[in-house]
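*Asks:* Got a structure here, written out as structure tokens. Questions coming.
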Amino acid sequence: MTTVYRTEVKRRIFSKARILSVVGAVGLFVMMLFPTGVSFAEELHPDVRVKDLVNVEGVRPNQLIGMGLVVGLQGTGDKGDLALRMMQNMARQFGVAVDTKAIKSKNAAVVTVTCELPAFARPGQTVDVGVSAMGDAKSLQGGVLLQTPLQAADGKVYAVAQGPLLVGGFAAGGQGAQVTKNITTTGRVAGGAIVERDVPMAFAEGGRITLLLRNPDFTTAQRVAEALNRQYGNIAAPVDATRVAVVVPPAFGTNPTQFLAEVEGLRIRPDTVARVVVNERSGTVVMGGDVRIGSVAVAHGNLTVRVQERQDVSQPQPFSRGETTVTTQTDVSVQEQPGQLLTLPAATSVNDLVESMNGVGASPRDIIAILQAIQQAGALHGELVVM
């Protein structure tokens, strides 16, 4: 039996060749998108529509939730009393008095029903709903959701859901074996909720509109305001890193929707914070193009401790009245790979950093530890986000 201990940060997810291939593919993709002569800033931050950067204050979806009953299951429903009581209450609504002790069916399950009511949804429109088992039901496959009112945070009913479930998996088997694919205790009802009440959306009160940046940034907010002012005159001003206040021009006073449609088509070059996002659980490292590394030296090496055990049998001499015993022999060996010292000059780009790390054979888990150490040394000029 052999046990190996390694001084590693995380599992090796990607090989050196795979990292190089990804970097090469990204480089080829950038060359295809940005021909020779395009500035470095344009490569990092291309022009995008205002529509893809902002939301309009006051225009938002609303979450709805309800508790319902799914029937028609093939013995995979709830075993608890909650489903029995809900079936009893439903029977009473139809004038049938039933004792819970007389209900022995496992073909029903109590579920939570959720959906997102889109902005400007009008009564009569339909939206999709998600259905999830609340109790100990094994599967919702083949079930039908009975009429379920969906409430918002204010306690009012805004939609009613009903219909057959679509489950993205299956479960089959018997007493000896069972096969399950994906999750069978959740499903969806396509277009299963009918909107019964709309939510007023006031987005141009007093002839003013507020644009909300999805990624707050002072520079981007200023550029959005400048683009609007160039197109329509002095009508916009950034309030902070998230909000841009806009006055609806007099020509669009009676039709702010047309004004917003034109604003969404304007193109600007957004700016972002230099950021490195590290997911230690999966070993994923994503570095923005603005990230720079100061002058720093990095040493990289691995330490491997190997413990190997073997069983030996000690046999006594004939007629010695001894006993046969089993002994355990343990061999411990330590192997430390030679450390490699890497010097990174100031203003190193992301490509230079990745190529240098690959040059010393560093995997993503090693790069995570190296980036954290570089930040502690004060040489990482960007924000390090660890997930």
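The values are calculated or read from the model by the stated rules, or taken from the named source; none is laboratory data. As the structure is a prediction and not an experimental result, all values here were calculated from the model. Quick reminder, even Gly has a Cβ in these numbers, built from the backbone with ideal geometry, and neighbours come from all protein chains shown. Remember, those area values only see protein heavy atoms, side chains included, never the ligands or the DNA or RNA. Shrake-Rupley method; radii C 1.70, N 1.55, O 1.52, S 1.80 Å.
*Asks:* Any residue at all in region 226-240 that is closer than 21 Å to Ala274 by Cβ and among the aliphatic types (A, V, I, L, M)?
*Replies:* No, region 226-240 contains no residue that is closer than 21 Å to Ala274 by Cβ and among the aliphatic types (A, V, I, L, M).
*Asks:* Oh, and also: Can you find a residue in region 100-112 that is of a type outside the set (A, V, I, L, M), within 28 Å of Met201 (Cα to Cα) and either modelled with pLDDT of 90 or more or in a loop (DSSP other than H, G, I, E, B) (or both)?
*Replies:* Yes, there is a match, as at least one residue in region 100-112 is of a type outside the set (A, V, I, L, M), within 28 Å of Met201 (Cα to Cα) and either modelled with pLDDT of 90 or more or in a loop (DSSP other than H, G, I, E, B) (or both).
*Asks:* Taking the options Gly155, Gly124, name whichever one is in a loop (DSSP other than H, G, I, E, B), farther than 23 Å from Thr186 by Cα and touching a strand residue (DSSP E or B) at 6+ places or on another chain (Cβ under 8 Å).
*Replies:* Every option except Gly124 fails the conditions.
*Asks:* Within region 225-339, which strands (runs of 3 or more DSSP E) (wholly inside it) include 1 or more residues that are open to solvent by 40 Å² or more (accessible area, probe 1.4 Å), touching a helix residue (DSSP H, G or I) at 6+ places or on another chain (Cβ under 6 Å) and at pLDDT 90 or above?
*Replies:* Hits in region 225-339: 236-238.
*Asks:* Further question: Applying the selection to region 213-257, what residues are polar (S, T, N, Q) and under 33 Å from the mean Cα position of the chain (by Cα)?
*Replies:* Asn215, Thr219, Thr220, Gln222, Thr242, Thr257 - these are the residues of region 213-257 that are polar (S, T, N, Q) and under 33 Å from the mean Cα position of the chain (by Cα).
*Asks:* With the structure loaded, tell me whether Arg230 is of a type in the set (Lys, Arg) and closer than 17 Å to Val54 by Cα or whether it fails that test.
*Replies:* no
*Asks:* Does any residue in region 228-241 that is more than 20 Å from Gly265 (Cβ to Cβ) come within less than 7 Å, Cβ to Cβ, of a residue that is in a loop (DSSP other than H, G, I, E, B) six or more places away or on a different chain, and which pairs are these?
*Replies:* Pairs that qualify, where the first residue is more than 20 Å from Gly265 (Cβ to Cβ) and the partner is in a loop (DSSP other than H, G, I, E, B), are Ala241/Pro216; Ala241/Asp217.
*Asks:* Could you list, in sequence order, all residues of region 55-90 that are within 28 Å of Arg243 (Cβ to Cβ) and in contact with a Lys or Arg (Cβ under 7 Å, 6 or more places away or on another chain)?
*Replies:* Asn55
*Asks:* Six or more apart or on different chains, Cβ under 8 Å: which pairs go from a residue in region 200-217 that's surrounded by 13 or more Cβ atoms within 10 Å (Cβ to Cβ) to one that's modelled with pLDDT under 90 and of a type in the set (A, V, I, L, M)? Could you list them?
*Replies:* Asp217/Val273
*Asks:* Right, next: How many of the residues in region 51-108 are open to solvent by less than 40 Å² (accessible area, probe 1.4 Å), within 25 Å of Arg197 (Cβ to Cβ) and of a type outside the set (A, V, I, L, M, F, W, C)?
*Replies:* Qualifying residue count for the region: 4.
*Asks:* Any idea which residue in region 113-165 is nearest to Asn182 (Cα to Cα), counting only those that are of a type in the set (S, T, N, Q) and open to solvent by 40 Å² or more (accessible area, probe 1.4 Å)?
*Replies:* The residue in question is Gln141.
*Asks:* While we're looking at this one, here's another question. Could you please tell me which pairs satisfy a Cβ distance under 7 Å, a separation of 6+ or placement on different chains, a first residue in region 72-99 that is β-branched (Val, Ile, Thr), and a second residue that is in a loop (DSSP other than H, G, I, E, B) and open to solvent by 40 Å² or more (accessible area, probe 1.4 Å)?
*Replies:* Thr76/Lys138
Yes/no per residue for (1) in a loop (DSSP other than H, G, I, E, B); (2) over 15 Å from Ala109 (Cβ atoms); (3) of a type in the set (S, T, N, Q):
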{"position": "Asp128", "(1), (2), (3)": "no, yes, no"}
{"position": "Asp136", "(1), (2), (3)": "yes, no, no"}
{"position": "Leu150", "(1), (2), (3)": "no, yes, no"}
{"position": "Gly187", "(1), (2), (3)": "no, no, no"}
{"position": "Gly191", "(1), (2), (3)": "no, yes, no"}
{"position": "Pro200", "(1), (2), (3)": "yes, yes, no"}
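*Asks:* I've got another one for you. When you look at Val195, is it in contact (Cβ under 8 Å) with a residue 24 or more places away in the chain and either more than 30 Å from Thr254 (Cβ to Cβ) or open to solvent by 80 Å² or more (accessible area, probe 1.4 Å) (or both), yes or no?
*Replies:* no
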